[in-house]
1. Working carefully through the options ASP49, ASP37, find the one that is at pLDDT 75 or above and part of a helix (DSSP H, G or I).
2. Checking LEU11 against (1) within 9 Å of the chain's Cα centre (by Cα); (2) part of a helix (DSSP H, G or I); (3) at pLDDT below 75, which single condition isn't satisfied?
Amino acid sequence: MTRAPATVEPLTSVTVVARAVEGVREHAVRRTPVVDDGRHAVGIVSPADLAVERDPGSALGAVSAASPDQ
């Protein structure tokens, strides 16, 4: 387990999403914890999540998007 993993704050804008993508690339990780201001885990983001947010019409975005009932 990584003692001090790279983290991101909750995604709220395209700019933040772009920074998260760069962070994932820079640290060569597949999943990144999402933390609040108190550094408490509030979720996890994957490359597929970023693809959906960045370009929902892309092939990866299309297959990664959750169905409306999920």
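1. ASP49
2. Every condition holds for LEU11 apart from (2).
The values are calculated or read from the model by the stated rules, or taken from the named source; none is laboratory data. Treat the numbers as computed from the prediction; the structure is a model and nothing was measured.
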